[in-house]
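The values are calculated or read from the model by the stated rules, or taken from the named source; none is laboratory data. This one's a predicted model, so the numbers in the text were calculated from it and none came from an experiment. Cβ sites come from the backbone with ideal geometry, for glycine too, and all protein chains shown count toward neighbours. The area values use the complete protein model at the heavy-atom level, side chains included, leaving out ligands, DNA and RNA. Shrake-Rupley method; radii C 1.70, N 1.55, O 1.52, S 1.80 Å.
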Amino acid sequence: MSVSYMTHPLIKHKITLLRKTTTGTNEFRKLIEEIAMLMGYEALADLPTADIEVTTPIEKTVQPVINGKKLAVVPILRAGLGMVNGILALVPSAKVGHIGLYRDPETHLPHEYYCKLPETIDERQIVVVDPMLATGGSAVAAVDFIKARGGRKIKFMSVIAAPEGVSALMKAHPDIQLYVGCLDRCLNENAYICPGLGDAGDRIFGTQ
Ligand code: PRP
Ligand code: URA
């Protein structure tokens, strides 16, 4: 598995703002979406293009376009939903699947409650999005589900990751490409990322 860590100062700046306890729901949502767009720009740098003929005011020419219909964005519910519009801003014609997972508060293990993916998933470039990669349990389970339904070309984008999550995902799915906004120090006793940003789902949706 290849792991790319984001180095762009705009991404770093926005992740720092995201972490602050004083950042409210409205600003948090906006930042998550902007970070997803900036990370998406990096993660989609190898999207295939096809040449089409266009007519400029000067002449006819053959130029490249991407086929957005071949892209599937798959957020892990709930928090991944906050990243979807950032990717769709770049590729509006992408299809969107959903995987519902929550972590058991005691065991920290993921439980599936929903999974719906676009058709012909085996032919698509899939971008799984979830702001937090903590133990990696949810990410590994999500990629397991996608592969069980035929998905093959998989990129995974997380805004903040713990080393434990990166290792777990790398070990379980060495064939995927991982994009990480910032690699944090460690997990605490509740399997929260340190320094992290707290509970991403609660901060996006204003719940507790
Ligand atoms: C969070 C986060 C990830 C998961 C990461 O979701 O959005 O999906 O935890 O933790 P892991 O790497 O240890 O599995 P959560 O389970 O809190 O659900 P929510 O988004 O519905 O709040
Ligand atoms: N899920 C979150 O939302 N935050 C963490 O730090 C870990 C898991």
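List the GluC sites (Glu not before Pro) within segment 89-142 that DSSP assigns to loop and that have no more than 13 neighbouring Cβ atoms inside 10 Å.
Answer by residue number: Glu106, Glu119.
Which of Leu88, Leu109, Leu77 moves the most in a Gaussian network model of the chain with Cα springs under 10 Å?
It is Leu109.
Given a 1.4 Å probe and every protein chain left where it sits, what share in percent of the accessible area of segment 103-208 is carbon and sulfur? Numbers along the way, then the final one.
Details: 2510 of 4810 Å².
Ligands and nucleic acids excluded, carbon and sulfur reach 52 percent.
How much accessible area per residue does segment 25-169 have, in Å², with a 1.4 Å probe? Could the numbers behind the result be given before it?
Working: 7010 Å² over 145 residues.
Accessible area per residue, segment 25-169: 48 Å².
I want to check the label-to-label distance for Asp122 and Lys30. Put each point 7 Å from Cα in the C-beta direction and report it in nm to one decimal.
Placing both labels 7 Å beyond Cα along the Cβ direction yields 4.5 nm.
Put a dot 7 Å past each Cα toward the Cβ at Glu53 and Thr16; how far apart are the dots in nm?
5.2 nm
For the chain, take the longest principal axis of its alpha carbons; what is the angle in degrees between that and the long axis of helix 137-148, to the nearest 10 within 0 to 90?
Once rounded, the angle reads 40 degrees.
For the chain, modelled as a GNM with alpha-carbon contacts under 10 angstrom, which of Gln125, Gln63, Gln177 fluctuates the most?
Maximum fluctuation in the GNM of the chain, among the listed residues, is at Gln63.
Please give the calculated 222 nm ellipticity per residue for the chain, where each DSSP H segment of at least 4 residues contributes -39500 (n - 2.57) and the sum is spread over every residue; nearest 500 deg cm²/dmol?
Estimated from H runs of four or more residues: -10000 deg cm²/dmol.
Measuring from label point to label point, each 7 Å out along Cα→Cβ, what is the Ser2 to Cys194 span in nm?
3.4 nm
Can you tell me what share of the DSSP beta bridges in segment 28-126 is antiparallel? A percent to the nearest 5 is fine. Kindly include the intermediate steps, with their values, before the conclusion.
Numbers: 13 of 19 bridges.
So the antiparallel bridges amount to about 70 percent of the total.
Taking the Cα atoms only, what angle lies between the long axis of helix 25-43 and the longest principal axis of the chain, rounded to 10 degrees?
Around 50 degrees separate the two axes.
Under 13 Å from the Cβ of Gly68, count the other residues' Cβ atoms, weight Lys and Arg +1, Asp and Glu -1, and hand me the total.
The answer is +4.
Of all DSSP beta bridges in the chain, what percent run antiparallel (nearest 5)?
Numbers: 15 of 41 bridges.
About 35 percent, rounded to the nearest 5.
If I take the Cα coordinates of the chain and project them onto the principal axes, what are the three extents in Å, biggest first?
Result, largest extent first: 64, 38, 28 Å.
Between His108 and Lys60, what length in nm is gained on full extension when 0.36 nm per residue of separation is reduced by their alpha carbon distance?
Details: separation 48, 0.36 × 48 = 17.28 nm, distance 5.81 nm.
Net length gain for the segment: 11.5 nm.
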